[in-house]
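The values are calculated or read from the model by the stated rules, or taken from the named source; none is laboratory data. Everything numeric here is computed off the predicted structure, so don't read it as measured data. Cβ: placed from backbone, ideal geometry, glycine included. Neighbour counts: every protein chain shown.
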Amino acid sequence: MIWFGFTALVFFIIGFFILYRVPVCDSNKKPPRSLLKISIIIPARNEEHNLPKLLSSLKNQTLLPDEVIVVDDNSEDATARVAGEYQVRVITSSALPEGWLGKPWSCHQGAQKATGNVFIFLDADTFLETSGLERMMRTFIAGPGVVSVFPYHQVEKFHEAFSVFFNLMQLIGMNAFSFLKSRKPTGMFGPCLIISRNDYVISGGHEAVREEVLEHYTLAGVLEKHGIAIRLFSGKGSLNVRMYPEGWKTLIQGWTKSFTAGAGKTPPLTMRLSIMWISGLLITPVFFLVSIFSGPVSGLLFWSAIYTLYVLQLYIQFRRTGTFPLWSMVFYPINLAFFLTVFTWAGYRTSRNKQISWKGRKINQN
């Protein structure tokens, strides 16, 4: 019992080691308005419900973009009409060429039509704080290369809270926020990329990753091969997102589509440390429950203390990624069980080369 308790404490410390600090977008440098022409490019397929929030937020920025381009990826709903109501430039995607996937093709077409010298690619389900664009551009001009932002998750419905461990593992898997952070992140975040036109052209942009389901991971490697630095930030205070608000089915499909392939990009050491931390999260509630029904009072107090430590740790880590409710921390084993179930299911489907349906298209998971 004591040995397991010591192990759980060591794994608890590892949890802070692998996710030590997550910087937010901010800088004292003011964007030189006369030198910047900002093109925001939004790939959109069946996004009529998400676009109003994003496009409204773009019209109320302290720093306004020069143009907003919505690329309608052959939507089956009113995406194009809704975008047009906000007086933005709407491009109807041409037929998907052989060898291309939908999102890279939409981003590529948007970049071809853009007139700015800075491209910002945003997913349609994101939305900005009033000073969000200015904060992100301050961050962009403060250093070299590209900036990728992990949107801050705004939780409104019960089921949305079950994305929390997926969010955490995305941050951990980037290998950029640990105590000994890597100078070369393993990837970028899909919802937001800020890149100069010059760097986009030099690297080949989305044409270089036209066949990738998780194009942001592969594009990071392409950029690094061209000597272009990658900087990762949290969107807290600047960029927000609702993760799969439609319901359980979309949530499970979305994470099944993306998470297993992303996990495969995680460096081996980071993966091993992550497994150790998750093991600590698993064994602690087990021994806590055992101590309630058997053993001395000292054992119950001991495991109660360790469980409390993990809850406090998760409070800190969860709030780095979104507005997750208190119950998701106190009863974290429920969330963790969901995460492990979906992760295992996604791994099984990948091993069997199964397809999933995503926004009306079939996608291979291999």
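Assessment of segment 216-231 against the conditions (more than 30 Å from P52 (Cβ to Cβ), over 17 Å from the mean Cα position of the chain (by Cα), in a loop (DSSP other than H, G, I, E, B) and of a type in the set (D, E)) yields no matching residue. Residues in segment 297-315 that are free of Cβ contacts under 8 Å to residues at least 60 places away in the same chain and not hydrophobic (A, V, I, L, M, F, W, C): 5 in all. Among the residues here, D123 qualifies as under 29 Å from G322 (Cα atoms) and acidic (D, E).
Yes or no, residue by residue, for (1) without any contact (Cβ under 8 Å) to a residue 40 or more places away in the chain; (2) in the same structural domain as R319 (by TED's automatic domain parsing); (3) surrounded by fewer than 17 Cβ atoms within 10 Å (Cβ to Cβ):
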| position | (1), (2), (3) |
| --- | --- |
| G187 | no, no, no |
| H206 | no, no, no |
| H216 | no, no, no |
| G227 | yes, no, yes |
| I252 | no, no, no |
| L273 | no, yes, no |
| L282 | no, yes, yes |
| P285 | no, yes, no |
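In segment 23-46 there is at least one residue that is surrounded by fewer than 21 Cβ atoms within 10 Å (Cβ to Cβ), of a type in the set (V, I, T), in contact with a strand residue (DSSP E or B) (Cβ under 7 Å, 6 or more places away or on another chain) and in contact (Cβ under 8 Å) with a residue 24 or more places away in the chain. Counting only strands (runs of 3 or more DSSP E) that sit completely within segment 1-92, those holding 1 or more residues that are closer than 23 Å to L193 by Cα and of a type in the set (D, E, K, R) correspond to 67-72, 89-92. Among residues of segment 101-113 being more than 11 Å from D72 (Cα to Cα) and touching an Asp or Glu at 6+ places or on another chain (Cβ under 7 Å), the one that is modelled with the lowest pLDDT is L101.
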